[in-house]
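Here's the structure we're looking at; comments come further down.
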Amino acid sequence: MYRYDEFDRGFVAERAAEFRDQVRRRLSGELSEDQFRPLRLMNGLYLQLHAYMLRVAVPYGVLSPRQLRKLAHIARKYDRGYGHFTTRQNIQYNWIQLKDAPDILADLAQVDMHAIQTSGNCIRNVTSDHFAGAAPDEIVDPRAYGEILRQWSSLHPEFSFLPRKFKIAIIGGPHDRAAMRAHDIGIEVKREKGVIGFAVYAGGGLGRTPMPARKLRDFLPEEDLIAYCEAILRVYNLEGRRDNKYKARIKILVHETGEAEFRQLVEDEFAAIDKSLYRIDPAHAARIVAQFAPPPFAVLPARSAIFESARARDAALAAFAARNVAPHRQPGYGILTISLKPVGAPPGDATAGQIEAIADLTETYSFGEARVSHEQNIVLPHVRLDDIPEIFATLQAHDLATPNAGLVTDIIACPGLDYCALANARSIPVAQNIARRFADLDRQRAIGDLKIKISGCINACGHHHVGHIGILGVDRKGEEFYQITLGGSGDENFAIGEIVGRGFAAGEITDAVETIVEAYLRLRESADETFLSAYRRLGATPFKEALYATEPA
Amino acid sequence: MALYRNGAFETDAWSYPADDAPIPGSGPVALPRTRYISERDALMQRADPLALVLRPGEDLAGVEGDLARFAMIVLDIPKYSDGRLYSIARLLRERWAFAGELRARGDILRDQIAFLHRVGVDSYEIAHEGTIAALQSGAIAAVRRHYQRAARNDDSIPGVR
């Protein structure tokens, strides 16, 4: 993984010192809240319903044991003993006091972390595939390019006051685990005839106007990555709407300009840029790529006798392995997902003790590397199959062994009205109730792959548009109400879910989800036909009939 | 408004005639783009320095060929969050090779000084009282290291410690 050099450390230390000065001025009354607001937002500090929230950047979701331990320390010392992992692979703390924020940033700087650009109308933390460098279907490890983009976008002087926030995701293979097409810029690293290039997409986004990103380039030369991103950002900065914040994202510009004309604007700007100034210095790029070299894997047989016999003996381990261990490109290894979705708990939360346990596992079993997934789980990317029984036992001891990766209870939810000042409705209790309803593991496994995603308002932080079943909380005359969308998908078969019909009250939403799931089980051709496949074959009609059949006409 | 330039506050020598007021016959004068274009021929006779004022959203259309005539280009910032001028400034410096003074004028926050410097701005006419006070007391701390290239790539930023 990437290790900070002297320059990176100085950069973060300067930033932490700058923010300490700003907080001091706010606390002394020298700055009003109005004057302070844009400064704190540049440092990821939000004023929420009950307290300040600090969002810490985790570039492309990669964490070391040292960083995890520091995150646990911060949770214990400055928060209420836990942190919340987000759909943008970050971690946020929901109970922060302003006076502590400078100390937290100083603590983070000790482990090469910060909160720069985790809020505000700037280029946000770059996200990537949480299986990067481990997945068998990967063509190129995208993380080195994620790091190059991180450096380029950090405190960019031209692009820090954009019309609206700007999110970049990068993947390294045909299978999209990062919802790349839901981003302002989506990049797929490719290799053709031994040459690296990028498919570049722009104009994707969720929120109140969900749109898939459009492909601008199929194979942009490697050396032009930064110049091309500058061209897109400059067109957006100059042409994006600033009259209405709900129409200010680049997706609206692409939509209103038209895909062909927008592409032409970008290409014209790109043609006018002196690309020689932006070419990534090959020596610099090589240094970065080298930092993402594969760890020293042992040569092992593909099949682990230890693992196979343990899971034959232990049904709990077998259940866990069936869902939470994915194939690795290296024989004898696996990719292990630690679910942060135990039934009845807020999705994505982890206690300080759990984070420390994960740090230890990462150090002992995964070459010192963990990942945050956009599905709000933690991934140990490189574990020996031989070690999985031991890892599983440790996870069980820390309530981290929930065997539900990708199942109906592995729900994405935003913080919702329990924390967020923007929310119209609660998300977490809806997720908890659905998880309780489907708590029976045999039932979950019979249902199979099913992604439920819940947002507490139209800003769609819970990605409901790309949930197989999406749930959107709305305010209806002061009452929390929930709209259901079906058929969304954030992967390479990207689709925006369709609204199924009238919404449901908080007391009805769990029943409605169960009705949909039961209809699927009745309608599927076989257990191999997933919910999404069945929906795409059948359309919305049978699900609507199941949901609304009993209503008076 | 207070003018900050070359690391110190100074008195502004430029005049900004109102749209319906006559253009003074002598002395440095700053004009909006539309007025400059409509009075271009008469302004040819004028010997004293001329500046162009660009509003947010205005580009160089109609004045591309005249840049060498301007001793200064002023980029108006009615609201700090409108970041279009950062792109215009870089284009002026890097694409159009504008070598005169580049001035940002309006609602400028303290943590924007370093960014404005990097995109090529030389002087700041500041409305924001907090920013004026911060510059007066030398209180602006900012990150001076940078990862990416822009119009200016040195680490020394006037007004920033």
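The values are calculated or read from the model by the stated rules, or taken from the named source; none is laboratory data. For clarity, every value in this text was computed on a predicted model and none was experimentally measured. A quick note on method: Cβ atoms are made from the backbone with ideal geometry, for glycine too, and the neighbour counts reach across all protein chains shown. To get the accessible areas, we keep the full protein, side chains included, count just its heavy atoms, and leave off ligands, DNA and RNA. Shrake-Rupley method; radii C 1.70, N 1.55, O 1.52, S 1.80 Å.
Worth a mention:
- Test for A:V266: is it touching a Gly at 6+ places or on another chain (Cβ under 9 Å), open to solvent by less than 10 Å² (accessible area, probe 1.4 Å) and under 19 Å from A:R181 (Cα atoms): no
- Of the numbered criteria (1) over 14 Å from A:E492 (Cβ atoms); (2) crowded, with 24+ Cβ neighbours inside 10 Å; (3) of a type in the set (A, V, I, L, M); (4) away from chain B (no Cβ under 14 Å), the one A:V111 fails is (2).
- Complete set of residues in the stretch B:115-135 that are surrounded by fewer than 22 Cβ atoms within 10 Å (Cβ to Cβ) and of a type in the set (A, V, I, L, M, F, W, C): B:A127, B:I132, B:A133
- Pairs are defined by a Cβ separation below 7 Å, a sequence spacing of at least 6 or placement on different chains, a first member in the stretch A:30-42 that is touching a residue at least 60 places away in the same chain (Cβ under 8 Å) and within 7 Å of chain B (Cβ to nearest Cβ), and a second member that is surrounded by 15 or more Cβ atoms within 10 Å (Cβ to Cβ) and not in a loop (DSSP other than H, G, I, E, B); the pairs so defined are A:M42/B:D111.
- Within the stretch A:258-270, the presence of at least one residue that is assigned to a loop (DSSP other than H, G, I, E, B) and away from chain B (no Cβ under 14 Å) is confirmed.
- Of the residues making up the stretch A:183-222, those that are of a type in the set (K, R) and either part of a strand (DSSP E or B) or in contact (Cβ under 8 Å) with a residue 12 or more places away in the chain (or both) are A:K190, A:R191, A:R208, A:R214, A:K215, A:R217.
- Test result for A:Y52, within 28 Å of A:P381 (Cα to Cα) and within 24 Å of the chain's Cα centre (by Cα): no
For every residue, the table says whether it meets (1) β-branched (V, I, T); (2) outside the structural domain of A:F262 (by TED's automatic domain parsing).
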residue	(1), (2)
A:S128	no, yes
A:Q151	no, no
A:F161	no, no
A:H175	no, no
A:A179	no, no
A:G186	no, no
A:V195	yes, no
A:A202	no, no
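- Check on A:V289, under 30 Å from A:Y93 (Cα atoms) and open to solvent by 60 Å² or more (accessible area, probe 1.4 Å): no
- Scanning the stretch B:112-158 for residues that are within 19 Å of A:E30 (Cα to Cα) and touching a helix residue (DSSP H, G or I) at 6+ places or on another chain (Cβ under 6 Å) gives B:I126, B:G130, B:T131, B:A134, B:I140, B:A141, B:A142.
- Scanning the stretch A:245-257 for residues that are open to solvent by 50 Å² or more (accessible area, probe 1.4 Å) and away from chain B (no Cβ under 11 Å) yields A:Y246, A:K247, A:H255, A:E256.
- Of everything in the stretch B:40-54 that is out of contact with any Gly (no Cβ under 9 Å at 6 or more places or on another chain) and modelled with pLDDT of 95 or more, the residue that is surrounded by the most Cβ atoms within 10 Å (Cβ to Cβ) is B:L52.
- Qualifying residue in the stretch B:96-114 (condition: of a type in the set (D, E) and within 13 Å of the chain's Cα centre (by Cα)): yes
- Of the residues A:D386, A:D440, the single one that is within 29 Å of A:L521 (Cα to Cα), among the acidic types (D, E) and either open to solvent by 10 Å² or more (accessible area, probe 1.4 Å) or not assigned by TED's automatic domain parsing to the domain that holds A:M180 (or both) is A:D440.
- B:G138 vs. criteria assigned to a loop (DSSP other than H, G, I, E, B), open to solvent by less than 50 Å² (accessible area, probe 1.4 Å) and either of a type outside the set (S, T, Y) or within 10 Å of chain A (Cβ to nearest Cβ) (or both): yes
- Filter pass, A:A178 being over 15 Å from A:A199 (Cβ atoms), in a loop (DSSP other than H, G, I, E, B), open to solvent by less than 20 Å² (accessible area, probe 1.4 Å) and more than 14 Å from chain B (Cβ to nearest Cβ): no
- Residue check for B:Y80: surrounded by 17 or more Cβ atoms within 10 Å (Cβ to Cβ), touching a residue at least 40 places away in the same chain (Cβ under 8 Å), out of contact with any Pro (no Cβ under 9 Å at 6 or more places or on another chain) and not polar (S, T, N, Q): no
- Test: A:A298 is open to solvent by 50 Å² or more (accessible area, probe 1.4 Å), closer than 30 Å to A:D387 by Cβ and outside any helix (DSSP H, G or I): no
- Checking each residue in the stretch A:117-153 for being closer than 24 Å to A:L71 by Cα, within 14 Å of chain B (Cβ to nearest Cβ), open to solvent by 10 Å² or more (accessible area, probe 1.4 Å) and in a loop (DSSP other than H, G, I, E, B) picks out A:Q117, A:G120.
- Per the conditions (1) more than 12 Å from chain A (Cβ to nearest Cβ); (2) at pLDDT below 95; (3) surrounded by fewer than 17 Cβ atoms within 10 Å (Cβ to Cβ); (4) outside any helix (DSSP H, G or I), the sole criterion not satisfied by B:R161 is (1).
- Residues in the stretch A:200-225 that are under 20 Å from A:K165 (Cβ atoms) and out of contact with any strand residue (DSSP E or B) (no Cβ under 7 Å at 6 or more places or on another chain): 6 in all.
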